[in-house]
Amino acid sequence: MIGYLIRRLFQAILVTFFVTVITLLLVHLFPGGPVRAMLGPRASAAQVAYFNKQYGFNRPIYVQYGKWIWQLLHGNLGYSIKLNQTVASELTNRLPKTIILVGLGTVVSLLFGIPLGIYQAVRRYTVGDYVLTGISFLGYATPTFFIALLLVEWFAVDSHVFPPFAPQGDTVGAVLSQPRALVLPVLAYGFLLYALWSRYMRSSVMDNLVQDYVRTARAKGASERRVLWGHVFRNSLISIVTLLGLSLPTLVAGAIFIEVVFNYPGMGYAFYQAAENVDYATLLGFTLVATAATIIGNLLADVGYAVLDPRVRYS
Amino acid sequence: MSMITPPPETPPAELAPAEADGGGLLTAVEAAELGLAPAAKPRSMLRRGWEVFAENKLALASIGVLVFIVAFCFVGPLFYHTDQVHTNLSETLCTPSTSHLLGCNELGYDELGRLMVGGQTSLEVGVAAALVSVIVGTLYGAISGFIGGTFDAFLMRVVDAGLAIPYIMVVIILSVVFHPTTFIMIFIIAAFYWLGVARLVRGETLTLRTREYVQAVKVIGGGRGRAVVRHVVPNAIGTIIVQATFAIADSILLLAGLGFLALGVQPPATDWGSMLSNGLNYLEGGGYWWLIYPPGIAIILTCIAFNFIGDALRDAFETRLQRR
């Protein structure tokens, strides 16, 4: 177990190193270099040269890399000229609100996805299964922004049940104080994920139902209910736990579109604004943080899997 | 916008006993057929695969839908002539009529004609991005897995790193950097998509390279390149084709999403996603259904069709589902 963890941790560190290299390459992809991207096309060559020197972009690439990593290790994600504040402070303002959206949306989607996925597996190839399969395929094939805007049309514009915009406000408290405004963004986000969990749960339960241990349990006279909830359910949940850790990039991606549609004051919306303003410091800083979260999520998923499933540890 | 494709279908539990005579899990129809003709003459792999595929009525219907959509986009403009380059402000937001079967958008473009042109872009970018991803990913994964050792570990950590960066974020950054034309869009979408393919193909290669027929290549003096191209890749082709199918759907959806963020193909070119997000501006005005539902339904139908076909192909290539 310890050996497995150390090996896995070493891999994660190596991956993080490659990520920083890829990110540095992205910085230098900007036409005319990062300073040109920052100052815009009308900046004079002298201005670009001045800022290049100021930020050290005229130094050899390995020096730049070293200094940049040093800064990152001190929590300095860069400075956004467009926002006139550090990326880190923008992040600390925005991230908690995105975590609320992602957290609530994930919980809602799991609350629907897991039971309905089990229902589908138990009642497979019935009308109910086909209807739910159809719904989850809609979730896969419909652009996120389309679903979100249709919800706005139906529940906000046509019927005034919920407000069309997400809660506005600077603090987490302000966002949470407007629960009605949270409903539509969370629902739209939850639907996106529902498709994922329910399909996965259906397939996982169906896989488990044909395992030997199920036959053994039945042979011992366990009731169908006990077989399902005492044995199959628990084993199927293991894979969902892993999937949760592995789908962090999907969670982040979904949040961007939902936040843009609902004008939600989170990280995804800020990322979109940064894309509009060609604010490369924010773009790269946010990407780096989301990536770090993904790596940690993957690591936790693997550790969780090893804890829950002894077979992994020894292989 | 899910990057994770639906998990594979598993045959029902109650048919498990059929394993004994078929050597694999069988579907209901197959089991029945097997009972009638247990000693059928051997068929080619393609033929057997097609039989499994054809049992999936949804997949057959999906092929029909796709043929229709492709014909609509590429043959349609030959019969239904519209001007999709010059704006016509006298016909702004005109309602559907005999001269404009699906009305016009806010710049006076005929919506039905635009649906064909936009569909061409969506399909072309989707298919091309999928092809690029699959070709690059397959070669990378097969070579990495085949050579193995430290080399493989190194290449795979690069893949892990690329996959750890949230896909949509990096695609947005690339779009901001390159102000993409439709052609460049293909490579932006493929730039990080191939990583997933590489990982899958590498896994497949790891099992394939220990097979005797691959080992035999070495014994008779064949090079590594020959082993990879002539023996490993063809045997991983099932995985590869299934991935390609899902990749097309993912790419079309991603292009649509970028269109919504105004980072997709630039006007006067358009794709279904740009049309849809444009039409959604008129959602609250009410009544402009022809700007919203046709492109929306086109995207959904196309993506569902590719997903169904991908599922059916996976079953078809899954040898345990096939009659031996």
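Where a number appears in this text, it was derived from the coordinates with a stated rule and is not lab data. Keep in mind the model is a prediction, meaning the values are calculated, not measured. Here the Cβ positions follow ideal geometry from the backbone for every residue, glycine too, while neighbour counts run over all protein chains shown.
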Provide a whole-number value for the mean count of partner chain Cβ atoms within 10 Å of the Cβ atoms in peptide A:132-143. 6
Footprinting exposure proxy for A:S177, A:S109 (fewest neighbouring C-beta atoms within 10 Å first): A:S177, A:S109
Along the charge dipole of region A:88-308, pointing to its positive end and built from +1/-1 on Cβ of Lys, Arg, Asp and Glu, which listed residue (A:N298, A:I147, A:Q168) has its Cα farthest out? A:N298
May I have the extent of the alpha carbons of region A:88-308 along their three principal axes, as whole Å values ordered from largest to smallest? 64, 43, 30
About the Cα centre of chain A, what is the dipole size in debye to 20, counting +1 per Lys and Arg Cβ and -1 per Asp and Glu Cβ, all else neutral? 840
Between A:N263 and A:V131, the two model label points (7 Å from Cα along the beta-carbon direction) sit apart by a distance in nm of 3.7
In µm²/s, what is D for region B:221-271 at 37 °C and 0.692 mPa s, where D = kT/(6 pi eta Rh) by Stokes-Einstein and Rh is the Kirkwood radius from Cα pairs? 239
Just counting partner chain Cβ atoms within 10 Å, what average do the residues of peptide A:9-18 show around their Cβ? 4
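Taking 0.36 nm per intervening residue step and subtracting the Cα-Cα distance, what contour gain separates A:L138 from A:T216 on full extension? The partial results should precede the final answer.
Working: separation 78, 0.36 × 78 = 28.08 nm, distance 3.78 nm.
Full extension of this stretch gives 24.3 nm more.
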Which lysines does A:K82 reach when only Cα atoms under 29 Å apart count, and residues fewer than 8 places away in its own chain are ignored? A:K53, A:K67, A:K97
Taking just the C-alpha trace of the protein assembly as shown, give me its Rg and Dmax in Å. 26.0, 85
Sorted by Cβ neighbour density within 10 Å, fewest at the top, the residues A:T92, A:T133: A:T92, A:T133
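Across peptide B:196-202, how many C-beta atoms of other chains are within 10 Å of each residue C-beta, on average? Walk me through the numbers before you get to the answer.
Details: counts 0, 0, 0, 0, 0, 0, 0.
What the average comes to for B:196-202 is 0.
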Between A:A217, A:T106, A:V183, whose Cα lies farthest towards the positive end of the dipole of region A:88-308 when Lys and Arg beta carbons carry +1 and Asp and Glu beta carbons carry -1, centred on the Cα centre? A:A217
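How would you rank B:201-208, B:158-165, B:176-183, A:59-66, highest first, on the average number of other Cβ atoms within 10 Å across their residues? Please list the in-between numbers first.
Numbers: B:201-208: 20.4, B:158-165: 22.2, B:176-183: 15.6, A:59-66: 12.0.
By packing density, highest mean first, the sequence is B:158-165, B:201-208, B:176-183, A:59-66.
What are the semi-axes of the equivalent ellipsoid for region A:45-178, taken as the square roots of 5 times the Cα gyration tensor eigenvalues, largest first, in whole Å? All intermediate terms of the calculation are to be shown ahead of the outcome.
Numbers: eigenvalues 417, 94, 52 Å².
Calculated on Cα positions only, the semi-axes equal 46, 22, 16 Å.
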A:A174 paired with B:R224, simple spin-label distance in nm, labels 7 Å along Cα-to-beta-carbon: 5.9
At 222 nm, what value in deg cm²/dmol follows for the protein assembly as shown if DSSP H runs of at least 4 each add -39500 (n - 2.57) and the sum is divided by all its residues, to the nearest 500? -23000 deg cm²/dmol
List A:M206, B:M185, B:M116 from most exposed to least, where exposure is judged by having the fewest other Cβ atoms within 10 Å. B:M116, A:M206, B:M185
Using a simple spin-label model with points 7 Å from Cα along the Cα→Cβ vector, what separation in nm is obtained for B:E51 and B:F151? 4.2
